[in-house]
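Asker: This is the structure I have questions about; it appears just below.
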Amino acid sequence: MHRVSQGGGRNRGPRLWAAVRRIPRTLREDLWTVARDPLPRLRWLGRLPHAHVVLVAVLMGWLNAVQGEGDFGPAAMTAVLVLAVLQSGAVVLALSRPVPAWWLSTIALFLARDGGSLKVSHAPLWSWSIPGITLHALVLFLLALRVRPRIAAEALGFSLLAAVAALVFLAPVPDETILPGAAAPVLMTSTQDVTVVQDAVTFTLAVVVGTALRGRRVARNQLVEQEVLTAGERARRTLLEERNRIARELHDVVAHHMSVISIQAQVAPHLVKDPTDELKENLAGIRGSAVEALTELRRVLGVLRSEEALADGVRHTPQPTLGRLDELVGAVRGAGLRVTTDITGEPRPLSPGVELSAFRIVQEALSNALRHAPGAQVRVALGYRSGGLTIRVANTAPDRPAPPSQGAGHGLLGMHERTAMLGGEFAAGPTPDGGYEVTAILPAQAAQPADPREPAP
């Protein structure tokens, strides 16, 4: 253990030195950039805050230009005006390119300190003029709103270094104050020790507020993205669950028919007197193919059957058809929904898949009306045509508010999936009287590919 700790101590030094050597590269990557990063619009205020920033920049620039007193020469006055324009322009530039704007503001603020040899209108309690500090703090605030906290902290550090350099390398601001009992003015330079602290407080406050607002905005955007992803995942899960349910029901229907084929192929030789060997061989082949197909079907789709949702006796009951429509309507009426049925055309048996899907579509439509349109009157219309079946379930406007929905349901999605699976057409939407209508057109049977061995007509 002792050797391990010594090894860790020996490795700590090179790692620390490597981290120190990476600092210049990190600073260059973070701060040496002209990337465009515009200030985003607000949801309710739009670009009104942008206009306010420009207005503050113009006002502070004007105050920064007129803050001096005394008789200035043309050169000095030109320098003051140019620096004031640069500092105000940096604020406007920070709306689109925060890092270059920070560089411009820092350089202009550093050079503005050299004008401190001119007598200003306030006591030199600050490294720069108050309007200049306000403009630079605003630039730091706009920078912290867009960049990562590490970059904002680096910019804050360089700004404070600029404040120290302005006090150390450039001429101090004279402040002649006559103390009580003194015969001559005394130069007050001790106030310069407080300036860096005051600048640090101002700039740090701007960076902290900007960073906090950025963190809040990023968290809100991530929350919105997560909600979108959650809604998409919920819809995808609902779709998969409904497809699994349809696959389980089709498995039951197809498995039933394959079992019937197998049994009939096994019994057929006993129904014929003296069957030939070719007939027995063909029927045995049919039975073998049916059993093999049934085995593969159970292997592929049988895993979709829920093992814990229902009891065995309920799972193995026959799948419903339109023959149980009266039973379904009676159960819904018992739940308090007023339902009328209308059947046109000549009712006839359809394929098992169409019968099952039609029953499920009516069942889902009535369930949706029961949940979302309490007290409404529902009309179920079935139209038997030569090409298939038309289903129309419409309800009037509810007579009282519906209870809040508990998450995403399977109703419309399942009805659409069942109709598309059969090659039919589906439509659903509100009616002019405030109700809702579901319409599905199901073909008599799904289209099958043509046999290439059959001759063309």
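Asker: Counting only residues that are outside any helix (DSSP H, G or I) and modelled with pLDDT of 70 or more, which one in segment 274-313 is least open to solvent (accessible area, probe 1.4 Å)?
Answerer: Among residues in segment 274-313 that are outside any helix (DSSP H, G or I) and modelled with pLDDT of 70 or more, the one least open to solvent (accessible area, probe 1.4 Å) is 275.
Asker: Looking at segment 247-273, which of the residues that are open to solvent by 70 Å² or more (accessible area, probe 1.4 Å) and of a type in the set (S, T, N, Q) is nearest to residue 287 (Cα to Cα)?
Answerer: 266
Asker: Looking only at segment 32-49, decide whether some residue is at positive phi, surrounded by 10 or more Cβ atoms within 10 Å (Cβ to Cβ) and either part of a loop (DSSP other than H, G, I, E, B) or modelled with pLDDT of 75 or more (or both).
Answerer: yes
Asker: Hey, among the residues in segment 134-143 that are surrounded by 24 or more Cβ atoms within 10 Å (Cβ to Cβ) and within 13 Å of residue 205 (Cβ to Cβ), which one's modelled with the lowest pLDDT?
Answerer: It comes out as 136.
To keep it simple, each residue is scored yes or no on (1) open to solvent by 50 Å² or more (accessible area, probe 1.4 Å); (2) part of a helix (DSSP H, G or I); (3) modelled with pLDDT of 85 or more.
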site	(1), (2), (3)
81	yes, yes, no
101	no, yes, yes
114	yes, yes, no
123	yes, no, no
132	no, yes, no
145	no, yes, yes
156	no, yes, yes
160	no, yes, yes
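Asker: Would segment 16-30 turn up any residue that is modelled with pLDDT of 70 or more and in contact with a helix residue (DSSP H, G or I) (Cβ under 7 Å, 6 or more places away or on another chain)?
Answerer: Yes: one or more hits.
Asker: With respect to residue 177, determine if the residue is among the hydroxyl-bearing types (Ser, Thr, Tyr), at pLDDT below 70, open to solvent by less than 70 Å² (accessible area, probe 1.4 Å) and more than 19 Å from residue 102 (Cβ to Cβ).
Answerer: yes
Asker: Here are some residues: 230, 238, 211. Which one is at pLDDT below 90, touching a helix residue (DSSP H, G or I) at 6+ places or on another chain (Cβ under 8 Å) and either surrounded by 15 or more Cβ atoms within 10 Å (Cβ to Cβ) or closer than 30 Å to residue 415 by Cβ (or both)?
Answerer: 238
Asker: Out of (1) open to solvent by less than 90 Å² (accessible area, probe 1.4 Å); (2) over 30 Å from the mean Cα position of the chain (by Cα); (3) modelled with pLDDT under 80, the odd one out for residue 60 is which?
Answerer: Condition (3) is where residue 60 drops out.
The values are calculated or read from the model by the stated rules, or taken from the named source; none is laboratory data. On a predicted model such as this, the values are computed, not experimentally measured, just so you know. Counting neighbours? That spans all protein chains shown, and the Cβs are built from the backbone with ideal geometry, glycine included. Just the protein is used for accessible areas: all its heavy atoms, side chains included, with ligands, DNA and RNA removed. Shrake-Rupley method; radii C 1.70, N 1.55, O 1.52, S 1.80 Å.
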